[in-house]
Ligand SMILES: [Zn+2]
């Protein structure tokens, strides 16, 4: 496939260290709060990328960290630990907070059809590994101890900036909040590998180390976890564009200084979810949008996934309730079209299936063009072949897109079977075959026909109170319990 590589700033042929095998790493969540749907956009796009690679025949080993220590409120080593902040807010221990929000994150992922990576490692579970790495960096002269902390010395590198020497990423880096000067740093971009108690007395989680009791910096965890579970040759590293600097830049510095050779081939960064008024979505401004909030408002989380797939991962995406309503309507129409396909119509034509897969491979394989992937679903529905083949094509594409198309279509077919119709004077009522409800629906129709709209509205309200929702359809009405 062709994939844009943030490290080289161009679209390249995707290659791996070992043919046919992908070592993939994803920066996981900092589990001090719920993920907002902007964070989850990145995980959705990374999930599609992983599934596309598997669909395309690669074997994938995907590793993800869980940040449960060391991520300070500013990405630049200042402020307080986000976990501590979460624990104080909710009067719980740091480990309780970590467990609660880790579970909440995977619950969100499940509802969005995001596969759990092969290996998930909380940072607190691998402290010895980080200490070994820091010792290695000190031995090689890439790190120094000052004021009780261990720092990475960026002046020892030939090239430190990887992503943001170019305009596109420069703009995306944005403004770093609350950056204070740390007088222990020899160079402006040096960063902390290990904090000791000398700096943060109230840190809840501390470990013994050769430099005193303390805890690791945020960046070292991703290098440590990836080197342990992906090995020294990483093929693909993913994350939100926010992480390109300083987080990913520092990961490269540490990893390559430690192993002594190039580390990761391809960098995949997903751009922001924006709101029309507030700009980039964040936890601190505007409405805090979570998957649970979408559900509370009556949206299917898969519709949010569908919405994300309709635009390219390297473009900002604007979220609004109106946009989500439009996506809902389009998704329902799509499911209805899939449901209209007859699985018993013919046998799967392998030649047609392969031809469609080939086209999909070229379209989505062009820098993960998911919008074309969605368009391919509509093309499959129009394919000049039988129902069984159309469904086989859709099923194949949905292994990548994960919109639960066939399951949802099967549920619609079941629902249609359960529905009963009653026809009176050419007016067809579709529902559950409840004569009392049908009678009220008919009365409402007659009131409307007689232009007695007040009476028609009164009956609609009465039905609503009984938990019945009526929709007018050509030649009649359909109702359902809500
Ligand atoms: Zn990371």
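The values are calculated or read from the model by the stated rules, or taken from the named source; none is laboratory data. Small disclaimer: the values here were computed from a predicted structure and weren't measured. For neighbour counting, all protein chains shown are included, and Cβ atoms are generated from backbone atoms with ideal geometry for every residue, glycine included.
Taking residue 464 as the residue in question, decide whether it is at pLDDT below 90, in a helix (DSSP H, G or I) and more than 30 Å from residue 54 (Cα to Cα). Before the answer, list the steps.
Working: at pLDDT below 90: no; in a helix (DSSP H, G or I): yes; more than 30 Å from residue 54 (Cα to Cα): yes.
In short, no.
Checking the condition touching a strand residue (DSSP E or B) at 6+ places or on another chain (Cβ under 9 Å) and within 25 Å of residue 42 (Cβ to Cβ), which residue from 366, 326 passes?
Numbers: 326 fails: touching a strand residue (DSSP E or B) at 6+ places or on another chain (Cβ under 9 Å).
Checking each option against the conditions leaves just 366.
Looking at this structure, is residue 104 away from the ligand (no atom under 16 Å from the Cβ) and either touching a helix residue (DSSP H, G or I) at 6+ places or on another chain (Cβ under 7 Å) or not in a helix (DSSP H, G or I) (or both)?
It is false that residue 104 is away from the ligand (no atom under 16 Å from the Cβ) and either touching a helix residue (DSSP H, G or I) at 6+ places or on another chain (Cβ under 7 Å) or not in a helix (DSSP H, G or I) (or both).
For the stretch 324-347, give me each residue that is in contact with a helix residue (DSSP H, G or I) (Cβ under 7 Å, 6 or more places away or on another chain), assigned to a helix (DSSP H, G or I) and surrounded by fewer than 16 Cβ atoms within 10 Å (Cβ to Cβ).
Across the stretch 324-347, the qualifying residue is only 336.
Any chance the stretch 183-192 includes a residue that's within 27 Å of residue 121 (Cβ to Cβ) and modelled with pLDDT under 85?
Within the stretch 183-192 (the criterion being within 27 Å of residue 121 (Cβ to Cβ) and modelled with pLDDT under 85), the answer is no, since none of the residues qualifies.
Which numbered condition in (1) at negative phi; (2) in contact with a helix residue (DSSP H, G or I) (Cβ under 9 Å, 6 or more places away or on another chain) is the only one that residue 70 fails?
Among (1) at negative phi; (2) in contact with a helix residue (DSSP H, G or I) (Cβ under 9 Å, 6 or more places away or on another chain), residue 70 violates only (1).
Test residue 240 against the criterion of being buried (at least 19 other Cβ atoms within 10 Å of the Cβ) and either within 15 Å of residue 46 (Cβ to Cβ) or touching a residue at least 40 places away in the same chain (Cβ under 8 Å) (or both), and give yes or no. First the steps, then the outcome.
On the way: buried (at least 19 other Cβ atoms within 10 Å of the Cβ): yes; either within 15 Å of residue 46 (Cβ to Cβ) or touching a residue at least 40 places away in the same chain (Cβ under 8 Å) (or both): yes.
Yes: the conditions hold for residue 240.
Condition first: more than 15 Å from the ligand (Cβ to nearest atom) and closer than 14 Å to residue 240 by Cβ. Now tell me which residues in the stretch 36-61 satisfy that.
Result: 36, 37, 38, 40, 41, 44, 45, 47, 49.
Within the stretch 295-307, does at least one residue satisfy the condition of being touching a residue at least 60 places away in the same chain (Cβ under 8 Å) and under 23 Å from residue 82 (Cβ atoms)?
no
Does any residue of the stretch 61-77 turn out to be touching a strand residue (DSSP E or B) at 6+ places or on another chain (Cβ under 6 Å) and free of Cβ contacts under 8 Å to residues at least 40 places away in the same chain?
Among the residues of the stretch 61-77, not one is touching a strand residue (DSSP E or B) at 6+ places or on another chain (Cβ under 6 Å) and free of Cβ contacts under 8 Å to residues at least 40 places away in the same chain, which makes the answer no.
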